[in-house]
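The values are calculated or read from the model by the stated rules, or taken from the named source; none is laboratory data. Just so it is clear, the model here is predicted, and its values are computed rather than measured. All Cβ positions, glycine included, derive from the backbone under ideal geometry; neighbour counts span all protein chains shown. We work out accessible area using only protein heavy atoms, side chains counted, and drop any ligands, DNA or RNA first. Shrake-Rupley method; radii C 1.70, N 1.55, O 1.52, S 1.80 Å.
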Amino acid sequence: MEQNKDKLVKSITSRDEDFAQWYTDVCRKAELMDYTDAKGFIIYRPYGYAIWENIQRHLDAEFRRTGHENVYMPMLIPESLFMKEADHVAGFAPETAIVTIGGKETLAERLIIRPTSEVLFCDHYAKIVSSYRDLPKKYNQWCSVVRWEKTTRPFLRGSEFLWQEGHTIHATETEARAEVLGMLDIYRDLGRDLLAIPFVTGRKTDKEKFAGAEETYSIEALMHDGKALQSGTTHYFGTGFAKHFDIKFQDKDGVVKNVFQTSWGVSTRLIGAVIMVHGDDSGLVLPPYVAPTQVVVIPIMGQKPEVAAASAAIKAQLEAASVRVKVDDSDKSPGWKFSEYEMKGIPLRVEVGPRDVLAGECVIVKRLDGEKIRCKLDNVAATVKSLMKTIHAEMLQRATANVAANTRTAVTYDEFKDLIQNQPGYVKTMWCGDVACEIKIKEDTTATSRCLPFDQTPVGTVCPVCGKKAEKVVLFAKAY
């Protein structure tokens, strides 16, 4: 058993030895994805896609609860339509893939493969909205987008990725701004309730905001190696897009006005966040509520009728309690199975053998810390439910403690540079608001501003870069 485990574990690079290689090893060995012959385009294997489906189900329920409807927009955008909003085009032009031939004919107008769908929604909204009675429109779509990235990494940055993108229009600025912050809360709660990730939330600087937005807000996660990962964004557009696309409505007072607009999205980048926040040197460690399989039952001497029957009964008991469970009754050795499912991060393993059956018990093993719990066979479901709740809380607490331990404060620029270069995590500092200071920080350290956190309690009085008076608190970090 130990030899089998050692062989599997040795095939995964240690996180502290080479975190990037560890990440790639886990993605491949845990069968989350595979590469294709088209650079930057990956296959989402069933286990990886199932994680995305669980995220999707959670969010889709929240979107419906808050009055949003799912739609689907075309994959292709006529170039003339794409070019209608200058800032937006400038932000995405370097990443666009363009269709120039249809069948055997050169197209009269080139077609952009969507990098995002703002212009499609705007064009549609302009055609269907005319009165305040038509508002709000609160649409969301689940789709893939293509952005021609030079450097790719599975789930984190790809030429194609899966996501959801919400696009809403409203009669008032107040309502639109409430939408932006309300969706940010839904994303933050996704981290807390499903992924066991304590997202830091705040507003992006103007340099880092979405192309065409007035304001962008983000959820930021901190990885094991101390780098930050922007894990989702919400955007307030004001009336900018509406003016370019002539999205107008007649209000209750009879005056024709432009709508106020938002967009928001998260992507399969969240899978990468789960891997890097929670994984260890043995592989994945999945939070129970997002795990495709929450419990694996391993029969010991499963050919014995009483063991097979007990395993089947445990499975039925767990399924009746809405637990995602599988029984591995293959002819592979128990040790091999233990190592495989440890690498795949399945939260709980149930072992049952002839002696256990005689005692009316089984053994439940936590993937998180290896703790073993003896459990009566007729109490497996209740014990598993309780353990999943405990495991989720423990994982969230660990991740929260990691963020707290790796968030530091800098007052002087020398102190800032020393922390960024030599300590993992966030550095909180004051900022004068001048983009030149933000650019200098990136040039000197490769760190970028992650967000202006909502808690703006000052940590000093001047910008460490230029020495001018500063009133804004910003979190900086090296990032993916």
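So if each residue of separation counts as 0.36 nm, and I subtract the Cα-Cα distance between LYS257 and LYS304, what length gain in nm does that give?
Details: separation 47, 0.36 × 47 = 16.92 nm, distance 7.51 nm.
Here the segment from LYS257 to LYS304 would lengthen by 9.4 nm.
Take every Cα-Cα pair in region 326-480 and report what % of them are more than 22 Å apart. Looking at region 326-480, the distances longer than 22 Å represent 58 percent of pairs. Apply the Debye scattering formula to the chain, with a single equal point scatterer on each alpha-carbon and no solvent, then give log10 I(q)/I(0) at q = 0.13 Å⁻¹. Values returned for q = 0.13 Å⁻¹ are -1.24.
Among TRP22, TRP336, what's the order by accessible area (1.4 angstrom probe), most exposed first? Don't skip to the end; give the middle numbers.
Working: TRP22 0, TRP336 75 Å².
Result, largest first: TRP336, TRP22.
Quick check: from the Cα gyration tensor, does region 306-347 come out rounded (a/c under 1.5), prolate or oblate?
Values: a/c = 3.45, a/b = 1.31, b/c = 2.64.
It is oblate, given that a/c is not under 1.5 and a/b is not larger than b/c.
Do any cysteines in the chain lack another Cys Cβ under 4.7 Å, and if so which? Cysteines lacking a close Cβ partner in the chain: CYS27, CYS122, CYS143, CYS362, CYS375, CYS437, CYS451, CYS466.
Of the peptides 364-371, 380-387, the ranking by mean beta-carbon count within 10 Å, highest at the top, reads 380-387, 364-371.
Label-to-label distance, GLN250 versus ALA404, with points set 7 angstrom from Cα along the beta-carbon direction: 5.9 nm. Heavy-atom accessible area, probed at 1.4 angstrom with all protein chains present, ranks GLU351, GLU69 as GLU69, GLU351, highest first. Measure off, as a whole percent, the carbon and sulfur share of the 1.4 Å-probe accessible area of the chain, all protein chains present. C and S atoms contribute 50 percent here. Which stretch or stretches of region 287-322 have amide N atoms under 13 Å from the point lying 7 Å from LYS385's Cα along the Cα→Cβ direction? Once the point is set 7 Å along Cα→Cβ of LYS385, 317-322 turn out to lie under 13 Å by backbone N, inside region 287-322. If you sort the three axes of the alpha carbon gyration tensor as a ≥ b ≥ c, you get a/c of 1.5 or more for region 51-109 and a/b above b/c, which makes it prolate. Shape class for region 39-178, computed from the alpha carbon gyration tensor (a ≥ b ≥ c): oblate, with a/c not under 1.5 and a/b at or below b/c. Comparing PHE260, GLN303, THR293 along the charge dipole axis of region 235-303, the residue lying farthest to the positive side is PHE260, per the Cβ-charge model. Evaluated at q = 0.12, 0.15, 0.18 Å⁻¹, the base-10 log of the normalised Debye intensity for region 146-302, with identical point scatterers placed on the Cα atoms, takes the values -0.63, -0.88, -1.12.
Karplus-derived 3J(HN,Hα) values for region 290-295, using 6.51 cos²θ - 1.76 cosθ + 1.60 with θ = phi - 60°, are 9, 5, x, 10, 8, 9 Hz; glycine and proline are entered as x.
Just need the relative contact order of region 83-211 here, percent rounded to a whole number, with Cα pairs under 8 Å and 6+ apart. Could the numbers behind the result be given before it?
On the way: 123 pairs, mean separation 27.9, N = 129.
Relative contact order for region 83-211 comes out at 22 percent.
Excluding residues fewer than 8 places away in the same chain, name every one of the lysines whose C-alpha is closer than 21 Å to that of LYS248. Excluding near neighbours in sequence, the set is LYS84, LYS127, LYS137, LYS138, LYS257.
DSSP assigns beta bridges within the chain; of those with both partners inside it, close to 85 percent run antiparallel. Backbone phi angles across region 47-52, fed through the Karplus curve with coefficients 6.51, -1.76 and 1.60 (θ = phi - 60°), yield HN-Hα couplings of 5, x, 5, 5, 4, 4 Hz in residue order; Gly and Pro are listed as x.
The label-point distance for THR412 and ALA178, in a model that sets each label 7 Å from Cα toward Cβ, rounds to 4.9 nm. Contact order, relative form, for region 364-480: 23 percent (alpha carbon pairs under 8 Å, 6 or more residues apart, mean separation divided by residue count).
What net charge do the residues around LEU229 carry, taking every other residue with its C-beta under 9 Å from that of LEU229, with Lys and Arg at +1 and Asp and Glu at -1? Each step should come with its number before you reach the end.
Details: positive: LYS227, ARG269; negative: GLU220.
Charge balance near LEU229 sits at +1.
The ARG153 and GLU105 beta-carbon pair, evaluated with R₀ = 56 Å, returns a calculated FRET efficiency of approximately 0.90. Length gained on full extension, ALA93 to SER131: 10.3 nm, using 0.36 nm per residue less the C-alpha separation. Working ranking of peptides 279-290, 294-305 by packing, defined as the average number of other Cβ atoms within 10 Å per residue, highest first, is 279-290, 294-305.
Under the definition of Cα pairs under 8 Å and six or more residues apart, what whole-number percent is the relative contact order of the chain? Mind showing how you got there, number by number?
Numbers: 958 pairs, mean separation 67.9, N = 480.
Computed value for the chain: 14 percent relative contact order.
Highest-first packing order for the peptide set 61-68, 469-476 is 469-476, 61-68, based on the mean count of other beta carbon atoms within 10 Å.
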